[in-house]
Amino acid sequence: MVRVRFAPSPTGYLHVGNARTALFNYLFARKHNGCFLLRIEDTDRERSAVEYEKALLEDLHWLGLDWDEGPDVGGNYGPYRQSERVHLYRQLSEKLLQEGLAYRCYCTKEELQERKEKALAEKGNAGYDGRCRNLTRTQIAAYEKEGRKPVVRFLVPSETIEVNDLIRGHVVFEGETISDFVIVKSDGLPTFHFAVVVDDLLMQITHVIRGEDHLSNTPKHILLFRALKAPLPQFAHMSMTLGPDRTRLSKRHGATSIRAFKEAGYLPEAFFNYLALLGWASTEGQEIFTREELIREFSLKRCSKTAAVFDHQKLLWMNGLYMRKTPPARLLELSLPLLQAQGLLPAQPETKLLARCERLIALEQEKFKTLSDIPERIGFFLKPPVYDPELVEKYLTPAARQILSELATVLENQPEFQPALLENTVRSFCQEKNYRPALVFHPLRVAISGMTKGPGLFEMMALLGKEETLRRLGSVLRNETFRTGKDGGAGPAA
RNA sequence: GCCCCCAUCGACUAGAGGCCUAGGUCACCACUCUUUCAAGGUGGUAGCACCGGUUCGAUUCCGGUUGGGGGCGCCA
């Protein structure tokens, strides 16, 4: 039975890199009908916060991941929060202490720092010097009397440690290059290294899939597994996610939290798909996958060893692709909060209005790249247009107005505002008067929508309806609306 | 400084000794479609970091150099 875990620490919002790690673990688990579990690594009292844990779960859910065991859903290997497992760590660290595989270290941070700088300058070795390895009883008693609170260090044996990584292959480390690391902090809480190993062993994790930044930590973990006489899980270290400048992805690169992408209007399925393509590729070169296809195709063997640059452009392209194939009804549902926040729709919109919005979304669907484009592109319909002085100058020239006023008269007599009929009318108008269609179409578009882009002109007029179309046209011809470029819409209410 | 990993177009990648005149996707450019913005179609620009081996033959295997990333915390 495959058992994998995602183990974030609640010290911030879910990050793109971490989300990708979570995703790969999820895909691997589902592919092998295994267990995907969520463990909260909150042993850093300073930085951990419950709000972040909550946010973490929300963001993971938004991405479309679900887990079989975790702090919220329970399971047979709980608790799933490290802060609730301290008794387990204590038990095992005591055991290591008794067996002589670990020892108490009384060095203070200041002493450590000082010796480290010296060692670095002299020998180029930054690790712990092993000073407390063989303290005598009297030395210990003296330290205790001073009131020093010891940490527990693992006694690293000088042997060769081999890692058979599922992605990186065979990697060798020498014990000499690893210094005795801390497994229990002076506050009694385990360090990351100890907690992961104890938890992975107790939770019977079979595959540890994590970022490459942990590759160098792996020999430590292997040593601990051995010391605890536990079988080793398999390791798989995924390549890192980098920013465009090839450094670790961080705030400097703009949006990096999953939450930020959600707020920017990205669709979870598109994000899911894009993330899967970062450092992984299918044999066939297929790039667009449903969740099920991804689960079927996924394999650690096809994971790239090279660090991958997170590419917003490709994400945006892919999101647009998903936007185009998402049913308009769902698009409306997802963008409703945005439309309301911008005051384009009331809190309780009538079903009739919603139906027209959906229709408009369908009309404009192929142009949306993100959900945030929806308010921008359909706003003209929901509130009076705001006229950009530049567009006015360019398209609503005196000549154009003359044409529009002639056209307005024609449209007054148009009984039905149906796209095909309107097109017919306007085109024959052009022909009769010998106007170049472009000279009519563009000013008309700007006059009724305030934009040079938008749905098909006649669809737009039909959707707006005769009354509103003529009202907007009239208002433009009477010069009522051109003062409103800045303060937003003193035109007639929609 | 020491240890580890990595190295194909600007980006993501395919490639596991001859199938490579190095393929696909994003981006970019051109053309096309078109009442606008898109989307679509067609075509194009662009890459095996470098130096040595091994081999009849290296993008592919080995070694080195360079470059990038990561680790060396009482952070995770």
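Please treat every number below as a calculation from the coordinates, not as lab data. Every value quoted in this text rests on a predicted model; they were computed, and no experiment measured them. Don't worry about glycine lacking a Cβ; one is built from the backbone with ideal geometry, like all the others, and counts go over all protein chains shown.
With +1 on the Cβ of every Lys and Arg and -1 on the Cβ of every Asp and Glu, and nothing else charged, how large is the dipole of the range A:1-97 about its Cα centre, in debye rounded to the nearest 20?
About 420 debye.
At what distance in nm do the modelled label points of A:K394 and A:K109 sit from each other, each positioned 7 Å from its Cα along Cα→Cβ?
6.0
Would you work out the Kirkwood radius for chain A? I mean one over the mean of 1/r across all pairs of different Cα atoms, in Å.
27.4
For an R0 of 30 angstrom, estimate the FRET efficiency from the Cβ-Cβ distance between A:F441 and A:A260 and round to the nearest 0.05.
E between A:F441 and A:A260, to the nearest 0.05, is 0.15.
Taking the Cα centre of chain A as origin and charging only Cβ (+1 Lys, Arg; -1 Asp, Glu), how large is the dipole, in debye to the nearest 20?
That gives chain A a dipole magnitude of about 460 debye.
Plugging the Kirkwood radius over Cα pairs into Stokes-Einstein for the range A:236-341, at a temperature of 10 °C and a viscosity of 1.306 mPa s, what D comes out in µm²/s?
Estimated via Stokes-Einstein, D reaches 104 µm²/s.
At 1.567 mPa s and 4 °C, plugging the Kirkwood radius over alpha-carbon pairs of the range A:1-140 into Stokes-Einstein gives what diffusion coefficient in µm²/s?
Roughly 71 µm²/s, to the nearest whole number.
Quote the relative contact order of chain A in percent (integer), defining contacts as alpha-carbon pairs under 8 Å separated by 6+ residues.
With pairs under 8 Å counted, the relative contact order is 12 percent.
Give the Rg (one decimal place) followed by the Dmax (whole number) of the range A:63-166, computed from C-alpha coordinates and expressed in Å.
Radius of gyration, then largest Cα-Cα span, for the range A:63-166: 19.3, 58 Å.
Given A:P384, A:F235, A:P157, which one lies farthest toward the positive end of the charge dipole of chain A, if we put +1 on the Cβ of every Lys and Arg and -1 on the Cβ of every Asp and Glu?
A:P157
Applying 1/(1 + (r/R0)^6) with R0 = 35 Å to the Cβ-Cβ distance of A:A355 and A:R296, what FRET efficiency is obtained, to the nearest 0.05?
E between A:A355 and A:R296, to the nearest 0.05, is 0.40.
Counting only other residues whose beta carbon sits under 10 Å from that of A:Q286, what net charge do I get with K and R as +1, D and E as -1?
-4
Out of the range A:248-352, which trypsin sites (Lys or Arg not before Pro) are coil in DSSP terms and have no more than 15 other C-beta atoms within 10 Å?
Of the trypsin sites (Lys or Arg not before Pro), the ones in loops of the range A:248-352 whose Cβ has at most 15 other Cβ atoms within 10 Å are A:K305.
Under a 5 Å amide H to amide H cut-off, with H placed in plane at 1.01 Å, what residues pair with A:I183 once short-range neighbours are removed?
For A:I183, whose amide H was placed from the backbone, the distant partners under 5 Å are A:V152, A:R153, A:F154.
Once phi is turned into ³J(HN,Hα) by the Karplus curve 6.51 cos²θ - 1.76 cosθ + 1.60 with θ = phi - 60°, what whole-Hz value does each residue of the range A:468-479 show in order, with x for glycine and proline?
Taking θ as phi minus 60°, the curve returns 5, 4, 5, 5, 5, 4, x, 5, 5, 5, 8, 6 Hz for the range A:468-479.
Nearest 500 deg cm²/dmol is fine: what mean residue ellipticity at 222 nm does chain A get from its DSSP H runs of n ≥ 4 alone, each adding -39,500 (n - 2.57), divided by its residue count?
Using -39500 (n - 2.57) per qualifying helix, the result is -14500 deg cm²/dmol.
In angstroms, what radius of gyration and Dmax does the range A:200-280 have, counting Cα atoms only?
Expressed in Å, the Cα Rg and Dmax of the range A:200-280 come to 16.8, 49.
Any idea what Rg and Dmax come out to for the range A:360-460 if you just take the C-alpha atoms, in Å?
Here Rg and the maximum Cα pair distance are 14.2, 43 Å.
Under 14 Å from a point 7 Å along the Cα-to-Cβ line of A:T177: which residues of the range A:103-146 have their amide N that close?
Answer for this model: A:125-127.
Translational diffusion coefficient of the range A:301-349 at 10 °C, 1.306 mPa s, Stokes-Einstein with Kirkwood Rh over Cα pairs, in µm²/s as a whole number.
115
Average the reciprocal distances over every distinct pair of alpha-carbons in the range A:297-441, invert the result, and give the Kirkwood radius in Å.
That comes to 19.1 Å for the range A:297-441.
For an R0 of 56 angstrom, estimate the FRET efficiency from the Cβ-Cβ distance between A:E284 and A:L120 and round to the nearest 0.05.
That gives a FRET efficiency of 0.65.
Straight-line reach only, C-alpha to C-alpha below 23 angstrom: list the lysines that A:K305 could link to, leaving out same-chain residues fewer than 8 apart.
Partners found: A:K31, A:K220, A:K314.
By per-residue mean of other Cβ atoms within 10 Å, what is the highest-first order of A:205-212, A:176-183?
So the order, starting with the most tightly packed, is A:205-212, A:176-183.
Along Cα→Cβ, 7 Å out, is where each label goes; now give me the distance between the ones at A:N164 and A:L88 in nm to one decimal.
2.7
Just going by the charge dipole of the range A:165-314, with Lys and Arg at +1 and Asp and Glu at -1 on Cβ, which of A:Q286, A:V172, A:V184 is farthest out on the positive end?
A:V184
What percent do you get for the relative contact order of the range A:255-380 when only Cα pairs under 8 Å and 6+ apart count?
31
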